[in-house]
Amino acid sequence: MNKIEVILVDDHRIMCEGLKSMLSDSHEITVMGCVRNLSELLIKLRILPIHVILLSCYEPGDHDIEMIRIIQREHPQIKILILAMTAQESFILRTLKAGAKGFLSKDADRNELIESILTIRNGYDYYSKSISEIILKRYLNQPGNNNAQRNQPAGVLSDREMEVLKLYAESYTNQEIADKLFVSIRTVESHKNNIMRKINLKTTVDMVKFAIRNNLIEI
């Protein structure tokens, strides 16, 4: 199987080396290098077949948002994963609107870093647990969402798919779900794909919203 080719964007050498080390023994991911800024990144993207960009954001600002927009405009096929040192709700939402496909907080570990890269490469959004909670809190605080009507019948899901859906909604990772159900991660991802297809969802957060609307989990 072809490896996922990742490039890091971080102007701190120690962070680059640390992230490269975390990913070095992954059988599915290859780090193609680390660049310090947008200019260096765009040069690399012209000559390297990059699949995922891991962009470190230390002091969230307009420059980060503009970088995401430029990358999306010039290389729309490449997925952007944000690693942020602060989890400001407004910045999270702005990065997603600009085109980022994933968002990790500074407390992410190696397993979550790898899972997030695999997830967005497969065409799905990824938000770490703390980020999902921020997004869901905003969703639940919007008028009418606490008592929202069911928008899709949960009955179209099999018993195992329902079980997987509930675990995702309770913020379990792919690995944790696989361990809990004694199945492989590929089986978990297959169930997730089926769930999203059957009830027309696009992201893991959408799955959590669906579970809340349909009273599948307690909040």
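The values are calculated or read from the model by the stated rules, or taken from the named source; none is laboratory data. Just so it is clear, the structure is predicted and the values come from calculations on it, not from any experiment. Quick reminder, even Gly has a Cβ in these numbers, built from the backbone with ideal geometry, and neighbours come from all protein chains shown. Side chains are part of the model used for accessible areas, which takes the heavy atoms of the whole protein and leaves out ligands, DNA and RNA. Shrake-Rupley method; radii C 1.70, N 1.55, O 1.52, S 1.80 Å.
See the values below:
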{"item": "Selected residue (only one of Ser105, Ser21, Ser39 is among the hydroxyl-bearing types (Ser, Thr, Tyr) and either within 17 Å of the chain's Cα centre (by Cα) or open to solvent by less than 20 Å² (accessible area, probe 1.4 Å) (or both))", "result": "Ser105"}
{"item": "Cross-chain or 6+ apart pairs with Cβ under 6 Å, the stretch 1-30 first and among the polar types (S, T, N, Q), then assigned to a strand (DSSP E or B) and surrounded by 13 or more Cβ atoms within 10 Å (Cβ to Cβ)", "result": "Thr30/Glu5"}
{"item": "Flag if Arg150 is open to solvent by 80 Å² or more (accessible area, probe 1.4 Å) and either more than 22 Å from Arg197 (Cα to Cα) or modelled with pLDDT of 80 or more (or both)", "result": "no"}
{"item": "Pairs with Cβ under 7 Å, 6+ apart, first in the stretch 106-122 and at pLDDT 90 or above and in a helix (DSSP H, G or I), second surrounded by 13 or more Cβ atoms within 10 Å (Cβ to Cβ) and aromatic (Phe, Trp, Tyr)", "result": "Ser116/Tyr126; Ile120/Tyr126"}
{"item": "Qualifying positions in the stretch 51-96 - aromatic (Phe, Trp, Tyr) and either buried (at least 22 other Cβ atoms within 10 Å of the Cβ) or assigned to a loop (DSSP other than H, G, I, E, B) (or both)", "result": "Tyr58"}
{"item": "Residue within the stretch 58-72 that is in contact (Cβ under 8 Å) with a residue 12 or more places away in the chain and under 30 Å from Ser184 (Cα atoms) present", "result": "no"}
